[in-house]
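Novice: What follows is a single structure, and I will ask about it in a moment.
The values are calculated or read from the model by the stated rules, or taken from the named source; none is laboratory data. Here the structure is a predicted model, which means the values were calculated and not measured. A quick note on method: Cβ atoms are made from the backbone with ideal geometry, for glycine too, and the neighbour counts reach across all protein chains shown. The area values use the complete protein model at the heavy-atom level, side chains included, leaving out ligands, DNA and RNA. Shrake-Rupley method; radii C 1.70, N 1.55, O 1.52, S 1.80 Å.
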Amino acid sequence: MTFSMVRFGQKIMGLSAVFLLSGCLGGGAGAPGFYRDRKVNIASTTRFEPDRFSGMWHIRAEFTDPEEQVIPGAVEFRAGADGRIAQIAVFGPRRGGWGVLDIYDVAQPMAGRLVAGTPPYATEYWVLWVDADYRTAVVGTPSGSFGWILDRSKTGGADRIKAAREILKFNGYDLAQLRGK
């Protein structure tokens, strides 16, 4: 089954090998498994508030290869005792209905940056943008191996989704590989 969070977990474990290979090949938006031109500078948002970001988000769009099927899913960002994001719970279709597929412990070393896994297999997931009311967000990796448009609702917010797409493009992502609404 192809599902964004299954790939999320796989990328946490296998990204170091991809980095080694892409380093040899030069890597860019055209490299397999990469959706962003890494020559374009990227930055996480500095106006990140973990308490407002915590909670359930629906995956409205994600980067996938053309042959992969996008299956609806959601993620829940969970704050720890210190108020920082400490876990990401992944929800999606599973045998018997809908529910938690996996839970990932993460560190939040600074505003808008989450780190899953442990070195040398750690992967950084950056919140590139979130609207003022914390209804729509963009999450991506500096490597360009991953990217999402997240929203608190399954539908609606066309203006915010459009803004999220523009943020991805500004950060060097190839929107031709973005799947979803």
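Novice: Since V127 meets every condition but one in (1) surrounded by fewer than 18 Cβ atoms within 10 Å (Cβ to Cβ); (2) under 15 Å from V75 (Cβ atoms), which condition does it not meet?
Specialist: (1)
Novice: Out of the stretch 93-110, which residues are farther than 19 Å from G140 by Cβ, open to solvent by 50 Å² or more (accessible area, probe 1.4 Å) and touching a strand residue (DSSP E or B) at 6+ places or on another chain (Cβ under 8 Å)?
Specialist: Quick first cut of the stretch 93-110, residues farther than 19 Å from G140 by Cβ only: 93-103, 105.
Of the ones still in play, those that are also open to solvent by 50 Å² or more (accessible area, probe 1.4 Å) are 94-96, 98, 100-103, 105.
Once the filter is applied, which keeps residues that are farther than 19 Å from G140 by Cβ, open to solvent by 50 Å² or more (accessible area, probe 1.4 Å) and touching a strand residue (DSSP E or B) at 6+ places or on another chain (Cβ under 8 Å), the stretch 93-110 yields R94, W98, V100, L101, D102, I103, D105.
Novice: Continuing with this model, one more query. Which one is farthest from M56 (Cα to Cα) among residues in the stretch 121-148 that are without any contact (Cβ under 8 Å) to a residue 60 or more places away in the chain and touching a Leu at 6+ places or on another chain (Cβ under 6 Å)?
Specialist: Restricting to residues being without any contact (Cβ under 8 Å) to a residue 60 or more places away in the chain and touching a Leu at 6+ places or on another chain (Cβ under 6 Å), the top hit is Y125.
Novice: Do the conditions hold for D51, that is, is it modelled with pLDDT of 95 or more, in a loop (DSSP other than H, G, I, E, B) and surrounded by fewer than 12 Cβ atoms within 10 Å (Cβ to Cβ)?
Specialist: no
Novice: Okay, next question. In the stretch 162-181, how many residues are under 21 Å from G55 (Cβ atoms), outside any strand (DSSP E or B) and open to solvent by 10 Å² or more (accessible area, probe 1.4 Å)? First the steps, then the outcome.
Specialist: Going through the stretch 162-181, the residues under 21 Å from G55 (Cβ atoms) turn out to be 163-164, 167, 180-181.
Then keep just the ones that are outside any strand (DSSP E or B); that gives 163-164, 167, 181.
Now drop any that are not open to solvent by 10 Å² or more (accessible area, probe 1.4 Å), which leaves 163, 167, 181.
Of the residues in that region, 3 qualify.
Novice: Can you name every residue in the stretch 153-181 that is in contact (Cβ under 8 Å) with a residue 24 or more places away in the chain and on the phi > 0 side of the Ramachandran plot?
Specialist: Once the filter is applied, which keeps residues that are in contact (Cβ under 8 Å) with a residue 24 or more places away in the chain and on the phi > 0 side of the Ramachandran plot, the stretch 153-181 yields G172, G180.
Novice: Is it the case that the stretch 9-24 has a residue that's at pLDDT 50 or above and either in contact with a helix residue (DSSP H, G or I) (Cβ under 8 Å, 6 or more places away or on another chain) or under 16 Å from S145 (Cα atoms) (or both)?
Specialist: For the stretch 9-24, residues at pLDDT 50 or above and either in contact with a helix residue (DSSP H, G or I) (Cβ under 8 Å, 6 or more places away or on another chain) or under 16 Å from S145 (Cα atoms) (or both): present.
Novice: Continuing with this model, one more query. Can you give me the number of residues within the stretch 111-120 that are in contact (Cβ under 8 Å) with a residue 12 or more places away in the chain and loosely packed, with under 14 Cβ neighbours inside 10 Å?
Specialist: Going residue by residue through the stretch 111-120, those that are in contact (Cβ under 8 Å) with a residue 12 or more places away in the chain are 111-114, 116-117, 120.
If we keep only those that are loosely packed, with under 14 Cβ neighbours inside 10 Å too, we end up with 120.
So the answer is 1.
Novice: Continuing with the same structure: On the basis of being open to solvent by 80 Å² or more (accessible area, probe 1.4 Å), aromatic (F, W, Y) and not in a strand (DSSP E or B), does Y134 make the cut?
Specialist: Values: open to solvent by 80 Å² or more (accessible area, probe 1.4 Å): no; aromatic (F, W, Y): yes; not in a strand (DSSP E or B): yes.
No, not satisfied.
Novice: Out of the residues in the stretch 72-92 meeting the condition of being in a loop (DSSP other than H, G, I, E, B) and open to solvent by 30 Å² or more (accessible area, probe 1.4 Å), tell me which one is farthest from A107 (Cα to Cα). Don't jump to the end; show me each part of the working.
Specialist: Quick first cut of the stretch 72-92, residues in a loop (DSSP other than H, G, I, E, B) only: 72-73, 80-84.
Those left that are additionally open to solvent by 30 Å² or more (accessible area, probe 1.4 Å): 72, 81-84.
Details: P72: 26, A81: 12, D82: 11, G83: 11, R84: 8 Å.
It comes out as P72.
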